[in-house]
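Asker: The structure that follows is given in the form of structure tokens.
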Amino acid sequence: EDVEQVKKQHSAILAAPNPDEKTKQELEDLTADIKKTANKVRSKLKAIEQSIEQEEGLNRSSADLRIRKTQV
């Protein structure tokens, strides 16, 4: 959803001979939101990977562990 809005903003900026500051600011805000979301996802994935590594350290070879490992 945010990516589509960024595409529209890029098109508007490239199409305009003199893009206004409002459009540029909206693009920067959207980019910042995308970066925040990406960082949240990255930290959650790292936490999942760490929990899987801990379970592997306990020598658990359950099917559930293997499934979660392949999904990350």
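Asker: Restricted to region 1-29, and to residues that are in a helix (DSSP H, G or I) and within 28 Å of residue 72 (Cβ to Cβ), which residue is modelled with the lowest pLDDT? Can you show your working first?
Answerer: If we filter region 1-29 for residues that are in a helix (DSSP H, G or I), which is where we start, we get 2-15, 21-29.
Then keep just the ones that are within 28 Å of residue 72 (Cβ to Cβ); that gives 2-4, 6.
Details: 2: 83, 3: 88, 4: 91, 6: 91.
Applying the filter and picking the extreme gives 2.
Asker: Condition test on residue 46, is it surrounded by 10 or more Cβ atoms within 10 Å (Cβ to Cβ) and at pLDDT below 85?
Answerer: On the way: surrounded by 10 or more Cβ atoms within 10 Å (Cβ to Cβ): yes; at pLDDT below 85: no.
The answer is no for residue 46.
Asker: For a quick check of your reading of the model, give me the residue pairs whose first member lies in region 25-51 and is closer than 19 Å to residue 5 by Cβ, whose second is surrounded by 13 or more Cβ atoms within 10 Å (Cβ to Cβ) and of a type in the set (S, T, N, Q), with beta-carbon atoms closer than 7 Å and at least 6 apart or on different chains.
Answerer: Final answer for the pair search is 26/9; 27/9; 30/5; 30/9.
Asker: Find all pairs meeting these conditions: Cβ atoms under 6 angstrom apart; at least six residues apart or on different chains; first residue within region 1-19 and more than 10 Å from residue 30 (Cα to Cα); second residue assigned to a helix (DSSP H, G or I) and of a type outside the set (Asp, Glu).
Answerer: Correct list of pairs: 12/23; 13/23; 19/13.
Asker: Looking only at region 52-64, decide whether some residue is within 29 Å of residue 4 (Cα to Cα), of a type in the set (Val, Ile, Thr) and free of Cβ contacts under 8 Å to residues at least 60 places away in the same chain. So that I can check it myself, show each step before the final result.
Answerer: Residues of region 52-64 that are within 29 Å of residue 4 (Cα to Cα), as a first pass: none.
No, region 52-64 contains no residue that is within 29 Å of residue 4 (Cα to Cα), of a type in the set (Val, Ile, Thr) and free of Cβ contacts under 8 Å to residues at least 60 places away in the same chain.
The values are calculated or read from the model by the stated rules, or taken from the named source; none is laboratory data. Source: prediction; values computed, not measured. When we count neighbours, we look across all protein chains shown, and the Cβ atoms used for this are built from the backbone with ideal geometry, even at glycine.
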